[in-house]
Amino acid sequence: MKSSRMVFVSLLLSCASAGPTSSGNTSGSDARPFSPEVNPFWGGRLFDKWAAITPTKLGAPAHERLKNLFGWDLRGTAGHYGAKYANKKTALPVNLLEDPRSTAELRNWLRDGGDGLPAYGDVLGPRELDAIAQFIDAVRSHRLAQPGDVWTLDEKAPNFYRLDAGGDAKRGRRYYAEACASCHGDDGTLLLFDGGEYTLGGFMRQKVYEGWFKVLAGHPGSSMEEQVPKDLGGAEQGRWILDIAAALCDRAAFPRGAGTAVEVGDGDLRCGGYLK
Ligand code: HEC
């Protein structure tokens, strides 16, 4: 396949999923103003798995998913991927939620690399890099939900987290019916994930450290885009996600179904008091 054609297709795809297109210059010059119109949720999906969205150019290096460097909580080794918890070898000692760089500086760092980060400018264009930087900034400034709104690290819990207190499973059931059931089914069993291991209920009872991010930003390369209602502030988005996660702790209403992963047992710390 000709590489010029792949780049063209990739540009088309970027424009299609990035919301309103820029009327200005998108050549990538340093003097170009920061694009205000890129979609930070799209940036979140690129952070999750850029290669599922933007095809790799021929001969380009296979850089890591950014989530492998910083974790689903964006905290690097200070968070879920740190030595005390999941202990992921690819994680970097950079906590993006407390990083002092401006959004433009974050974008340039992503582009040029440094401090263990590869140069994503090798594989991503300026609009993609802007979107990722805006996603990081929106989460750290709490314009988008933060991981701490939904779950808290716990060394003793399976998968090293517990859902936060204060969620309302009844409200979450309603949100689920409105926002998720059309694709995942009334009981969350319509789609299986991770090679058949989990229904949605099974997944969210065991992997909210990842699931919170999917609900916020969407699942790259699938029909699932960002889910949180657009009129909510970051903390409210977090509560919305927590309510849904609490609802999905009901093993009868959202069963494991045909998922092959073992169901969580009574007293499991992840769902805690929400577990039914
Ligand atoms: C437009 C359809 C659609 C809607 C609406 C939707 N999803 Fe999804 N969702 C999908 C698809 C498709 C996948 C990817 C399945 C796969 O792995 O092939 C997915 C994946 C996921 C995953 C990721 C699982 C993994 O493998 O990492 C989670 C978690 C999830 N959805 C939760 C939700 C929740 C909660 C809602 C409602 C707030 C929701 N989804 C709304 C279609 C949808």
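Numbers at a glance
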| quantity | calculated |
| --- | --- |
| Karplus (6.51, -1.76, 1.60) ³J(HN,Hα), θ = phi - 60°, over the stretch 45-60, in Hz, Gly and Pro reported as x | 5, 5, 4, 5, 7, 4, 5, 7, 10, 10, x, 5, 5, 4, x, 6 |
| Listed residues ALA245, VAL264, LEU192: farthest to the positive end of the dipole of the chain (Cβ charges) | LEU192 |
| Of LYS207/LYS230; LYS67/LYS89; LYS57/LYS214; LYS67/LYS214; LYS88/LYS207, pairs whose Cα-Cα distance is over 18 Å | LYS207/LYS230; LYS57/LYS214 |
| Pairwise label distance in nanometres, ASP122 with ALA253, each label 7 Å out on the Cα-Cβ vector | 4.8 |
| Nonlocal amide H pairs with GLY71, under 5 Å, H built at 1.01 Å | GLY76 |
| Long-range amide H partners of TYR161 with built H, under 5 Å | ASP154 |
| Percent RCO, i.e. relative contact order, over the chain, from Cα pairs under 8 Å lying at least 6 residues apart | 19 |
| Theoretical gain in end-to-end length, GLU178 to ASN87 [0.36 nm per residue, Cα-Cα removed] | 29.1 nm |
| Ranked TRP212, TRP240, criterion: other C-beta atoms within 10 Å, fewest first | TRP240, TRP212 |
| LYS57-GLU263 FRET efficiency (beta carbon distance; Förster radius 35 Å; 0.05 resolution) | 0.20 |
| 222 nm mean residue ellipticity, helices alone, for the chain (DSSP H n ≥ 4; -39,500 (n - 2.57); rounded to 500) | -11000 deg cm²/dmol |
| Which of ARG65, ARG173, ARG111 has the fewest Cβ neighbours within 10 Å, and the rest in rising order | ARG65, ARG173, ARG111 |
| Electrostatic dipole magnitude of the chain [Cβ: Lys, Arg +1; Asp, Glu -1; Cα centre; debye, to 20] | 360 |
| LEU191 versus THR152: modelled label distance in nm, points set 7 Å from Cα along the beta carbon direction | 3.1 |
| Span per principal axis, largest first, for the Cα atoms of the chain (Å) | 56, 37, 36 |
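Values quoted throughout were computed directly from the atomic coordinates according to the rules given, and no laboratory measurement underlies them. Note that the coordinates shown come from a computational prediction; the quantities given were computed from them, not determined experimentally. Note that each Cβ is placed from the backbone with ideal geometry, even for glycine, and that neighbours are counted across all protein chains shown.
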